[in-house]
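Trainee: First, the structure itself, so that you have it in front of you.
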Amino acid sequence: DTAVSQTPKYLVTQMGNDKSIKCEQNLGHDTMYWYKQDSKKFLKIMFSYNNKELIINETVPNRFSPKSPDKAHLNLHINSLELGDSAVYFCASSQGTGGRTDTQYFGPGTRLTVL
Amino acid sequence: GQNIDQPTEMTATEGAIVQINCTYQTSGFNGLFWYQQHAGEAPTFLSYNVLDGLEEKGRFSSFLSRSKGYSYLLLKELQMKDSASYLCAWYSSASKIIFGSGTRLSIRP
């Protein structure tokens, strides 16, 4: 009965490859997010979707493409992976109607290592 | 970075009290979150403040002063399991949560 789940948990790949990370939430939330946490532990928002619509798109290279097939799923596809993409990627969800209801519930994270 | 500041590291003793401070940009402010993150794990929600004052929740309390752009997290009766990073996060009017880089708290016996 995991609330927010991500797969895979670990991903090790070569530079230049394309990879995807999947996220699912069973909380009935309307909003989902992707965050990147780098080696300095700085957690930075990348994208946010509300009911399958993109609402936040931070300054992220267009090699990163999120896709939300329905409001319970938000996947992240990364093309032409670079060394600097190595980080932990967290998916999160919230009710998304403002204030306390935007409390983020995080998935376990995907540790991406690009060699 | 991103107009939110907190100390990088703190150390405290088991059983003691520790206060972790956070300052943030006041324009477009819509609330302030505190999260706890143990090493190798996901952040988990601790508290949310939108009005001035202190909110207490068991051993943890969070304080907010909107006019000063200042918040703190107070942890009492420290336990070894409280060793973690504590992330202050500012909720902007654009429905975006901006996280600080976190304060790594080490508890010594």
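The values are calculated or read from the model by the stated rules, or taken from the named source; none is laboratory data. Here the structure is a predicted model, which is why all the values come from computation and not from measurement. Cβ placement follows ideal geometry from the backbone for every residue including glycine, while neighbour counts extend to all protein chains displayed.
Trainee: Determine whether the stretch B:8-16 contains at least one residue that is within 12 Å of another protein chain (Cβ to nearest Cβ), free of Cβ contacts under 8 Å to residues at least 12 places away in the same chain and either outside any strand (DSSP E or B) or touching a His at 6+ places or on another chain (Cβ under 8 Å) (or both). Let's see the steps before the verdict.
Mentor: Let us first name the residues in the stretch B:8-16 that are within 12 Å of another protein chain (Cβ to nearest Cβ), namely B:8-9.
From the residues that got through so far, the ones that are free of Cβ contacts under 8 Å to residues at least 12 places away in the same chain too are none.
No, the conditions are met nowhere in the stretch B:8-16.
Trainee: B:LYS96 is checked against (1) out of contact with any strand residue (DSSP E or B) (no Cβ under 8 Å at 6 or more places or on another chain); (2) closer than 27 Å to A:THR31 by Cβ and fails just one. What number does that condition carry?
Mentor: (1)
Trainee: Tell me which residues, restricted to the stretch A:60-115, are of a type in the set (Asp, Glu), under 17 Å from A:LYS44 (Cβ atoms) and more than 14 Å from chain B (Cβ to nearest Cβ).
Mentor: A:GLU82, A:ASP85
Trainee: Can you pull out the residues in the stretch B:74-98 that are away from every other protein chain (no Cβ under 14 Å) and in a loop (DSSP other than H, G, I, E, B)?
Mentor: Passing the criteria: B:LYS76, B:GLU77, B:LEU78, B:GLN79, B:SER83.
Trainee: Here's a follow-up. Among B:ARG104, B:ARG66, B:ARG108, B:ARG59, which is the only one that is closer than 21 Å to A:ILE45 by Cα and basic (Lys, Arg)?
Mentor: Working: B:ARG66 fails: closer than 21 Å to A:ILE45 by Cα; B:ARG108 fails: closer than 21 Å to A:ILE45 by Cα; B:ARG59 fails: closer than 21 Å to A:ILE45 by Cα.
Going through B:ARG104, B:ARG66, B:ARG108, B:ARG59 in turn, just one is closer than 21 Å to A:ILE45 by Cα and basic (Lys, Arg): B:ARG104.
Trainee: I need a count of the residues in the stretch B:26-56 that are outside any loop (DSSP other than H, G, I, E, B) and away from chain A (no Cβ under 13 Å).
Mentor: Of the residues in the stretch B:26-56, the ones outside any loop (DSSP other than H, G, I, E, B) are B:29-37, B:44-49, B:53-56.
If we keep only those that are away from chain A (no Cβ under 13 Å) as well, we get B:53-54, B:56.
Summing the residues that are outside any loop (DSSP other than H, G, I, E, B) and away from chain A (no Cβ under 13 Å) in the stretch B:26-56 gives 3.
Trainee: Now, a different point. Can you name the residue in the stretch A:1-60 that is of a type in the set (Asp, Glu) and not in a loop (DSSP other than H, G, I, E, B) and is also modelled with the highest pLDDT among such residues?
Mentor: Within the stretch A:1-60, the match that is modelled with the highest pLDDT is A:GLU24.
Trainee: Mind checking whether some residue in the stretch B:39-52 is surrounded by fewer than 16 Cβ atoms within 10 Å (Cβ to Cβ), charged (D, E, K, R) and closer than 24 Å to A:TYR33 by Cα?
Mentor: yes
Trainee: On to the next question. Which condition does A:LYS40 not pass, out of (1) charged (D, E, K, R); (2) out of contact with any Phe, Trp or Tyr (no Cβ under 8 Å at 6 or more places or on another chain); (3) under 27 Å from B:ALA39 (Cβ atoms); (4) surrounded by 13 or more Cβ atoms within 10 Å (Cβ to Cβ), if it passes all the others?
Mentor: Single failed check for A:LYS40: (4).
Trainee: Also, quick follow-up: Looking at the stretch A:89-112, which of the residues that are over 22 Å from A:HIS77 (Cβ atoms) and touching a helix residue (DSSP H, G or I) at 6+ places or on another chain (Cβ under 9 Å) is surrounded by the most Cβ atoms within 10 Å (Cβ to Cβ)?
Mentor: A:SER94
Trainee: For the condition within 11 Å of the chain's Cα centre (by Cα), assigned to a loop (DSSP other than H, G, I, E, B) and buried (at least 16 other Cβ atoms within 10 Å of the Cβ), what is the one hit in B:SER71, B:SER101?
Mentor: On the way: B:SER71 fails: assigned to a loop (DSSP other than H, G, I, E, B).
After ruling out the rest, the residue left standing is B:SER101.
Trainee: So, A:ALA87, is that one of a type in the set (A, V, I, L, M), closer than 20 Å to B:THR44 by Cβ and touching a residue at least 60 places away in the same chain (Cβ under 8 Å) or not? Can you show your working first?
Mentor: Details: of a type in the set (A, V, I, L, M): yes; closer than 20 Å to B:THR44 by Cβ: yes; touching a residue at least 60 places away in the same chain (Cβ under 8 Å): no.
For A:ALA87, the condition - of a type in the set (A, V, I, L, M), closer than 20 Å to B:THR44 by Cβ and touching a residue at least 60 places away in the same chain (Cβ under 8 Å) - is not met.
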